[in-house]
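One structure is given here, and the rest of the page talks about it.
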């Protein structure tokens with residue numbers, strides 16, 4: 001029988017290092033042809049949207065999908081995980097926490113392979129749910145010494161700094177301007193809902209690595225074309241999905257600043273098929289859209305741990 005796993009199960013079973021390892025392996029499988037990802041597609045009504053994304057991993061022996069709705073009431077996430085050999089349903093899993101952790105994990109993988117080995121400072125834009133796991137993941141792969149956080153709300157950035165400093169064991173300081181969160185920082189994270197660039201690309205220091213995660217619509221862009229122009233390496237989790245979602249890259253493509261042929265997939269970097277950076281002065285970018293392959297890989301880890309610990313509710317749907 002399949003397992004029904006609720007949000008509290010995912011919180012109990014999943015940690016950021018496990019998520020990073022699962023996403024790292026899944027992206028490598030994607031690069032070597034052992035895994036397949038299908039881009040997100042959306043069905044819109046006047047009051048809500050349905051989002052569906054699917055993937056399969058032959059090496060892991062699973063396939064599945066994530067489906068979620070978004071409306072004024074919020075978003076509701078669900079993952080269905082299947083055994084690929086038999087088609088049997090393994091798990092139905094509430095997936096808000098799972099999505100937060102896999103998004104952070106992807107940036108952790110990108111930072112591991114693309115940031116300078118001595119990167120020790122972070123500037124983060126955004127103070128929400130996703131910004132938390134972004135910092136957790138980056139701190140898991142680099143010896144971070146200080147973090148600067150900026151949002152348009154002084155109260156939110158101060159509260160975020162107070163919350164995250166003891167969680168991360170790192171100094172987290174709120175700053176008053178975007179420039180303070182960019183200048184001199186070796187890693188920059190954008191995890192906002194902004195439709196416009198949140199900083200001036202001219203302020204990015206040589207050698208910086210950027211994880212841009214907030215936008216997955218063509219109409220939204222957190223980083224400007226100057227940032228794209230200065231980058232030596234640009235990686236995405238899926239080029240196919242980026243062509244229809246990466247609002248951070250599309251303006252630069254339309255203006256001829258970059259071509260899709262010059263963009264690589266993060267999995268190819270992980271698999272050693274291309275370089276994440278060539279020199280310490282390179283500016284590198286990971287444009288994260290969030291793909292189903294990452295969800296499925298992390299969901300499998302949660303499922304396996306649930307079976308090992310005897311947690312979750314067994315369900316039977318077909319008699």
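Between the helical axis of 96-114 and the longest alpha-carbon principal axis of the chain there is an angle of about 50 degrees.
Each Cα pair under 8 Å and six or more residues apart adds its separation to the average, and for the chain the resulting relative contact order is 23 percent. Across the alpha-carbon set of segment 104-291, the Rg to Rh ratio works out to 0.93, Rh being the Kirkwood radius. Residues 96, 248, arranged from fewest to most other Cβ atoms within 10 angstrom of their Cβ, appear as 96, 248. Computed from Cα positions, the angle between helix 16-32 and the longest principal axis of the chain comes to roughly 90 degrees. Taking all C-alpha pairs of segment 1-130, those more than 19 Å from each other amount to 59 percent. Taken over segment 183-268, the alpha-carbon convex hull comes to 90 cubic angstrom per residue. From the helices alone, meaning DSSP H stretches of at least four residues, give me the mean residue ellipticity at 222 nm for the chain, per-run term -39500 (n - 2.57), in deg cm²/dmol to the nearest 500. Taking each H run of at least 4 residues, the total per residue is -11000 deg cm²/dmol. Normalising the average separation of contacting C-alpha pairs (under 8 angstrom, six or more residues apart) by the number of residues puts the relative contact order of segment 104-291 at 22 percent.
With r defined as the distance between the Cβ atoms of residue 271 and residue 43 and R0 fixed at 41 Å, what FRET efficiency is calculated, to the nearest 0.05? My answer for the efficiency is 0.75.
With viscosity set to 1.306 mPa s at 10 °C, what whole-number translational diffusion coefficient in µm²/s follows for segment 11-73 from Stokes-Einstein and a Kirkwood radius over Cα pairs? Estimated diffusion coefficient is 116 µm²/s.
For segment 116-203, pairs of C-alpha atoms spaced more than 15 angstrom apart make up 52 percent of the total. Fewest-first ordering of 9, 51, 209 by other beta carbons within 10 Å of each residue's beta carbon gives 51, 9, 209.
With coordinates expressed along the principal axes, the C-alpha atoms belonging to the chain extend over 62, 43, 43 Å, beginning with the largest. Ranking of 60, 53 by neighbouring Cβ atoms within 10 Å, starting from the fewest: 60, 53. Global size of segment 223-308: 15.3, 52 Å for Rg and Dmax (C-alpha atoms, Rg to one decimal, Dmax whole). One chain, two ends: residue 118 and residue 217. Fully extended at 0.36 nm per residue, the span grows by 32.3 nm beyond their Cα-Cα distance.
Each reported figure results from applying straightforward, stated rules to the coordinates on display, with no laboratory input. In this text, all values refer to a predicted model and were calculated from it rather than measured experimentally. Heads up, the Cβs are rebuilt from the backbone with ideal geometry, glycines too, and the neighbour counts pull from every protein chain shown.
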